[in-house]
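One structure below.
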Amino acid sequence: MVKVITYGTYDLLHYGHIRLLQRAKALGDYLIVGITSDDYDKTRGKINNQQSLMERIAAVEATGLADKIIVEEYEGQKIDDIRRYDVDIFTVGSDWVGKFDYLNEYCKVIYLPRTQGVSSSELRAEKRKLNIGTIGEGRLCRKFVREVDYVNGVEYKACDETLEDVDAVYIATHPERHYEDVKRALEAGKHVICESPIALSQTRCRELMDLAHERGLVLSDAIKTAYSTAYSRLLVVAKSGRIGEIVSVDAVCTSLQDGAGEESANLSSKQNSICAWGPTAMLPVFQLLGTHYRQKSICTRMLNRDLRFDGFTKIDFVYDNAVASVKVAKAAKAEGELIITGTKGYIYVPAPWWKTDYFEVRFENPAENKRHFYQLDGEGIRYEIVAFAKAVESGRRDYYIGEEISRAITEVIESFNRGEYIEI
């Protein structure tokens, strides 16, 4: 029996894929098809798959051409698979000519001509073409525009006050302006992804959400951490019961930047600590413990009371069966760790945890500890753009950050702005 193996993503399975599988099948008696996992695709720069792994597997299975389907999850797996399944022929499309010549040591390598005029990338771009502009200036907007180039079907387009030439906007203005900027974009019929918080009061936050619903538009928080693979996986591990019942979440986010020091006299144009870092630091608390805490307390060290500019703020939450602590600062420095404490073990995410590609699950017996590594590109911003584009296409905005969490973040910041804190 001649065994043949081939690999691919098979996103939006099309005629070109099927023709390639047919040619691969004709090379032998038994065809093994390796379908790349979402995580492995990210390491190869493919972050915009339209279909989940299970959908892609089902599509290949439905062709009836594969005798066996496997999942490709790591670099070097092809050699392992060739040995494991005693493969005689490895084959892929001719656009990979020379790339897999090293496999000739293990089996015969054949490059097959691809069907011209059709590709998944073209289909994705055609299906999801989204013109997005930016409102705001500075570092965050520049980063966002740079990352748009990595996502098929999404294009950056400069926009004026009318927003006529775009389908959506990314907003990174001062938090005091978020409400007006978001409202203007929604009233113009544009989808919005806005740096959190999207408003500084619960009333205004709800108003914007209601307006988005009425217009059939997506309004989403731009907290890049929420979209990174490592962060998503640690949430799954924490909620799975692996570390037992969660009893504490401790998150620290600090940065000495923007001239927010003791002597700074020009703070009016800068974000204070609670707005700059609060949404990110509160995210794991609300996603793991929920938004229905029994009580909260805020302690802050003010740099300017009139501008409500805090140099350091600590927020403590008390839940029925757990506690949480958040520390944020732009004029103080601490180790930027995230620690999730459980009754059986804990999850440790080293600094800077909000840009992590790695975390550890630790137990009383160190031999049981496990380290998790995941690819992180563009600080998570490009994954954020992919998720936003998919939300626009599907009309669902709360897959990563639910509206309840957005409102909870706003409520804490509004409480701070009302002066409900202890000054230290």
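Of everything in region 235-247 that's in contact (Cβ under 8 Å) with a residue 60 or more places away in the chain and surrounded by 16 or more Cβ atoms within 10 Å (Cβ to Cβ), which residue is farthest from the chain's Cα centre (by Cα)?
Checked region 235-247; the qualifying residue farthest from the chain's Cα centre (by Cα) is Val247.
State whether one or more residues within region 144-152 are in contact with a strand residue (DSSP E or B) (Cβ under 9 Å, 6 or more places away or on another chain), under 30 Å from Lys25 (Cα atoms) and either assigned to a loop (DSSP other than H, G, I, E, B) or modelled with pLDDT of 95 or more (or both).
No: zero hits.
Do you know which of the residues in region 268-303 that are surrounded by fewer than 24 Cβ atoms within 10 Å (Cβ to Cβ) and in contact with a Gly (Cβ under 8 Å, 6 or more places away or on another chain) is nearest to Glu384 (Cα to Cα)?
Taking the candidates together, the pick is Lys270.
If we scan region 373-395, do we find a residue that is modelled with pLDDT of 90 or more and in contact with a Pro (Cβ under 6 Å, 6 or more places away or on another chain)?
no
Give region 182-211 a look and list any residue that's touching a residue at least 40 places away in the same chain (Cβ under 8 Å), closer than 27 Å to Lys129 by Cβ and part of a helix (DSSP H, G or I), or say none.
Listed by number, the residues that qualify are Ala185, Met209.
Please determine, by comparing only the residues of region 219-249 that are under 15 Å from Phe373 (Cα atoms) and of a type in the set (Val, Ile, Thr), which one is modelled with the highest pLDDT. Show your work before the answer.
Filtering region 219-249 down to residues under 15 Å from Phe373 (Cα atoms) leaves 228-237.
Within this subset, residues satisfying the condition of being of a type in the set (Val, Ile, Thr) are 229, 236-237.
Numbers: Thr229: 82, Val236: 89, Val237: 93.
The selected residue is Val237.
Hand me the list of strands (runs of 3 or more DSSP E) wholly inside region 320-393 holding 2 or more residues that are of a type in the set (Val, Ile, Thr).
Working: elements: 323-329, 338-342, 345-349, 358-363, 370-373.
By residue number, 323-329, 338-342, 345-349.
The values are calculated or read from the model by the stated rules, or taken from the named source; none is laboratory data. Note that this is a predicted model, so its numbers are computed, not measured. Positions of Cβ are backbone-derived with ideal geometry, glycine not excepted, and every protein chain shown enters the neighbour counts.
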